């Protein structure tokens with residue numbers, strides 16, 4: 001779907017995107033990961049034909065972004081970090097306007113509004129003015145305008161930034177529903193969220209792609225050692241005993257958890273996770289939760305980008 | 001409906017729904033009425049034609065002033081709110097964006113101008129005026145307004161700030177109006193060039209006195225064309241930055 005080769009953007013002597021190459025397949029969800037200023041937005045703006053690359057090749061579904069920008073724009077839907085919505089319009093009026101701009105046939109506009117309205121859970125606010133909606137709803141309207149013309153490629157810049165936890169959950173579900181029917185490329189610096197949604201990750205740093213691959217390859221490859229936190233019901237000694245029986249455990253730390261649970265932090269090879277859960281259950285322990293230690297993901301990410309892993313000033 | 005007319009309709013509705021549209025309309029109409037009462041009707045007995053000529057002179061000045069706040073938001077406002085991205089990522093040409101915005105604002109300015117029709121109607125009740133004079137005056141005012149909006153949209157394309165865009169427009173309009181003064185202090189052939197480029201003096205004079213010269217129509221349409229083309233180029237150049 002996207003073919004990007006040695007793409008560079010030069011802007012006032014700075015290279016916000018520098019020699020970036022990657023490829024994506026149709027129907028895939030690709031995540032751009034990077035710190036602020038890594039070049040994610042500039043790259044997305046070039047993919048969406050808003051910015052023209054200084055050098056390199058970029059094509060969307062075979063159409064060159066520089067030479068055939070008009071044709072590329074027919075195939076994309078773009079949501080920038082701040083939803084591009086007109087506050088004085090109603091949601092329905094705005095979606096009809098966006099559909100008209102994207103050449104949706106007049107007779108199909110109502111049907112498309114109903115469909116994206118249902119998909120983005122906007123049915124209850126279709127007749128309300130956008131300026132009266134919460135930021136979460138405005139994001140939904142922004143996503144709805146990006147998919148109203150059924151584009152092959154949906155580009156979302158920081159779709160979960162600025163949302164509260166409840167909104168993040170609902171937007172995550174919405175994004176998951178887009179996978180398969182559209183190719184999705186989204187950017188974020190929230191590693192946990194993007195890792196759950198994407199089939200492929202591109203880690204960017206200072207305008208360059210420093211790592212590329214599936215989330216498990218990058219942050220949980222078999223040779224990687226990870227720390228898993230298990231929340232268990234049962235006696236502490238039994239937990240220690242069960243973990244001692246398991247091969248490949250490098251380090252364990254067992255402590256009392258909340259509500260009479262036991263919390264076990266286990267340093268283990270990433271591919272040993274299924275064995276770990278089996279062992280704990282077979283030992284007669286109640287397994288309430290099993291997840292990779294949160295701050296460890298961030299540390300791995302900082303290691304990939306070459307940033308210091310301590311406190312950042 | 002083409003993208004151009006969609007943008008024009010949205011722009012017109014946005015002005016009609018915004019407080020800015022109401023404030024501009026209220027101030028312009030109030031000033032029109034006041035100036036008509038004090039300047040056009042005042043100062044002793046006059047022929048109806050003189051009253052109408054003075055009315056169009058005042059109306060043209062107010063139309064120029066009204067074009068500044070109306071045009072400042074057209075592109076600078078879109079950039080400030082981040083909505084320009086919606087237009088830039090849609091399969092439409094940059095000139096359609098510029099023309100759509102221009103026609104939307106022009107429709108409002110024409111509507112505002114036509115709302116002053118009750119003032120010439122008062123002259124008809126108490127005197128006698130030619131319909132041709134009326135049509136020529138309104139045509140000239142709308143052409144002048146269109147030229148001012150084109151200059152305004154160009155300034156709006158140059159700046160991210162609506163305030164700076166307004167100052168740029170005001171400065172450009174003032175400079176172009178004062179070209180007739182520059183023409184007085186320059187020598188041939190520059191004096192002719194400045195005199196021709198002057199936005200108001202010779203070109204509007206014919207319209208307000210009830211005459212339509214093709215030369216003046218061409219001048220105002222050329223100003224529109226030049227600045228709308230320049231605004232399109234500025235918008236295109238932003239894709240490189």
Among helices (runs of 4 or more DSSP H) entirely within region B:22-138, at least 3 residues that are within 14 Å of chain A (Cβ to nearest Cβ) and within 30 Å of residue A:143 (Cβ to Cβ) occur in B:76-81, B:84-88, B:94-114
message = Can you find a residue that is over 30 Å from residue A:15 (Cα atoms) and modelled with pLDDT of 85 or more anywhere in region A:150-172?
response = yes
Given (1) exposed (fewer than 15 other Cβ atoms within 10 Å of the Cβ); (2) in contact (Cβ under 8 Å) with a residue 12 or more places away in the chain, residue A:96 misses just (1)
Of A:202, A:232, A:243, the only residue that is outside the structural domain of residue A:42 (by TED's automatic domain parsing), at pLDDT 80 or above, surrounded by 13 or more Cβ atoms within 10 Å (Cβ to Cβ) and in a strand (DSSP E or B) is A:232
Scanning region B:208-241 residue by residue, the ones that are part of a helix (DSSP H, G or I), under 30 Å from residue A:8 (Cα atoms) and out of contact with any helix residue (DSSP H, G or I) (no Cβ under 9 Å at 6 or more places or on another chain) total 2
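What are the residues in region B:12-21 that are more than 16 Å from the chain's Cα centre (by Cα) and either surrounded by 15 or more Cβ atoms within 10 Å (Cβ to Cβ) or in a helix (DSSP H, G or I) (or both), if any?
B:13, B:14, B:16, B:17, B:19, B:20
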Residue hits (region A:7-21; away from chain B (no Cβ under 14 Å) and on the phi > 0 side of the Ramachandran plot) are A:19
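The values are calculated or read from the model by the stated rules, or taken from the named source; none is laboratory data. Just so you know, these numbers come straight off a predicted model, no measurement behind them. Virtual Cβ from ideal backbone geometry, glycine too; neighbours counted across all protein chains shown.
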